[in-house]
Amino acid sequence: LDLVYESVGGDMFDAAVNNVAKGGTLLVIGMVAQYTKGWPKSRHDGLAEKLLWKSARVQGFFLPHYHRRMLPHLQRLGRLMLAGQLRVQVDPTPFVGLESVPAAVAHL
């Protein structure tokens with residue numbers, strides 16, 4: 001798998017690491033399996049070796065790290081929309097099909 005979107009953690013994280021392709025990316029956006037357990041530290045023996053062997057990477061994105069930015073931006077967007085000043089722009093870069101997902105993520 002060139003790109004793995006992982007939000008469960010635990011055994012699913014291990015499976016994702018084991019199945020990410022050479023040069024692939026593992027995008028971690030959560031660990032729902034840990035939430036009800038008080039976020040115990042996890043162990044993933046051999047993680048560094050597996051990533052090195054595959055030239056793969058793990059990228060984390062934790063939304064609460066961006067919470068201070070959200071409210072002011074949402075308020076500003078609301079004001080612009082109500083004033084009719086909000087112009088929508090769409091990035092014209094085409095991404096079509098599942099095979100383009102890794103390129104789309106890199107484009108972010």
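The values are calculated or read from the model by the stated rules, or taken from the named source; none is laboratory data. Source: prediction; values computed, not measured. Here Cβ is always computed from backbone atoms with ideal geometry, including for glycine, and neighbour counts include all displayed protein chains. Areas reflect the complete protein model, heavy atoms only, side chains present, ligands, DNA and RNA absent. Shrake-Rupley method; radii C 1.70, N 1.55, O 1.52, S 1.80 Å.
Per-structure values
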| read-out | value |
| --- | --- |
| Candidate set: the range 32-57, residues that are modelled with pLDDT of 85 or more and open to solvent by 60 Å² or more (accessible area, probe 1.4 Å); chosen: the one nearest to Pro102 (Cα to Cα) | Arg57 |
| Matching residues in the range 63-76 - criterion: being under 20 Å from the mean Cα position of the chain (by Cα) and exposed (fewer than 10 other Cβ atoms within 10 Å of the Cβ) | Leu63, Pro64, His65, His67, Arg68, Arg69 |
| Residues located in the range 82-91, provided they are open to solvent by 100 Å² or more (accessible area, probe 1.4 Å) and not polar (S, T, N, Q) | Leu82, Arg87, Val88, Val90 |
| Lone qualifier among Arg57, Arg69 - being under 26 Å from Gly9 (Cα atoms) and charged (D, E, K, R) | Arg57 |
| Members of the range 14-42 that are in contact with a Ser or Thr (Cβ under 7 Å, 6 or more places away or on another chain), over 16 Å from Ala106 (Cα atoms) and small (Gly, Ala, Ser) | Gly30 |
| Complete set of residues in the range 66-101 that are assigned to a loop (DSSP other than H, G, I, E, B) and aromatic (Phe, Trp, Tyr) | Phe95 |
| Single match in Ala48, Ala56 (criterion: touching a Ser or Thr at 6+ places or on another chain (Cβ under 9 Å) and at negative phi) | Ala56 |
| Within the range 1-27, considering residues that are among the β-branched types (Val, Ile, Thr) and under 17 Å from Ala103 (Cα atoms), the one surrounded by the most Cβ atoms within 10 Å (Cβ to Cβ) | Val20 |
| Criterion violated by Arg79 - all others in (1) modelled with pLDDT under 90; (2) farther than 23 Å from Asp2 by Cα; (3) open to solvent by 70 Å² or more (accessible area, probe 1.4 Å) satisfied | (1) |
